[in-house]
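Here is the structure we will look at, set down as structure tokens.
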Amino acid sequence: MRDSVRWRKQSRIVLMLAKELNISEEEALDMFYNSRTYTFFADASYGLQAMSDRYIVDEIIQEKDDSDNEKTTRTKKDNDVSLH
């Protein structure tokens, strides 16, 4: 994928993330670049660049939700341990 096409795609993804999650574009950009999904997106051999913007946004949101759930579970376990 040409760099200019990939950059436009990244911009659309970031704007979609910001709108969907009701966060600033800067926060969405940070989320995108720090996601596992971006790691796969940046490596053309995975083919993620060929997927729709919607698919990639959904993957990043799912990754965020999974991370949030893991943190909640970990915090709950830590609290349960401290109660005993």
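Give the residue that is nearest to residue 9 (Cα to Cα), with candidates limited to residues of the range 47-70 that are among the hydroxyl-bearing types (Ser, Thr, Tyr) and modelled with pLDDT of 95 or more.
If we take residues in the range 47-70 being among the hydroxyl-bearing types (Ser, Thr, Tyr) and modelled with pLDDT of 95 or more, then 52 is nearest to residue 9 (Cα to Cα).
Of the numbered conditions (1) under 11 Å from the mean Cα position of the chain (by Cα); (2) surrounded by fewer than 11 Cβ atoms within 10 Å (Cβ to Cβ); (3) of a type outside the set (Gly, Ala, Ser), residue 68 fails exactly one; give the number of that condition.
Residue 68 satisfies all of (1) under 11 Å from the mean Cα position of the chain (by Cα); (2) surrounded by fewer than 11 Cβ atoms within 10 Å (Cβ to Cβ); (3) of a type outside the set (Gly, Ala, Ser) except (1).
For the range 13-34, enumerate the residues that are closer than 18 Å to residue 48 by Cβ and exposed (fewer than 14 other Cβ atoms within 10 Å of the Cβ).
Answer for the range 13-34, where residues must be closer than 18 Å to residue 48 by Cβ and exposed (fewer than 14 other Cβ atoms within 10 Å of the Cβ): 33, 34.
State which residue pairs qualify: first residue under 17 Å from residue 2 (Cβ atoms) and inside the range 43-59, second residue surrounded by fewer than 16 Cβ atoms within 10 Å (Cβ to Cβ) and not β-branched (Val, Ile, Thr) in any location, beta carbons under 8 Å apart, and separation of 6 or more residues or different chains.
Pairs that qualify, where the first residue is under 17 Å from residue 2 (Cβ atoms) and the partner is surrounded by fewer than 16 Cβ atoms within 10 Å (Cβ to Cβ) and not β-branched (Val, Ile, Thr), are 44/1; 49/1; 49/6; 50/1; 53/12.
Which residues, counting only those in the range 4-30, are farther than 18 Å from residue 66 by Cα and under 10 Å from the mean Cα position of the chain (by Cα)?
Once the filter is applied, which keeps residues that are farther than 18 Å from residue 66 by Cα and under 10 Å from the mean Cα position of the chain (by Cα), the range 4-30 yields 13, 14, 29.
Tally the residues that are in a helix (DSSP H, G or I) and either farther than 17 Å from residue 65 by Cβ or in contact with a Ser or Thr (Cβ under 6 Å, 6 or more places away or on another chain) (or both), restricting the search to the range 31-44.
6
What about residue 18, is it among the hydrophobic types (A, V, I, L, M, F, W, C), out of contact with any Phe, Trp or Tyr (no Cβ under 8 Å at 6 or more places or on another chain) and at pLDDT below 95?
no
The values are calculated or read from the model by the stated rules, or taken from the named source; none is laboratory data. What you see is a predicted model, and the numbers here were worked out from it, not measured in a lab. Note that each Cβ is placed from the backbone with ideal geometry, even for glycine, and that neighbours are counted across all protein chains shown.
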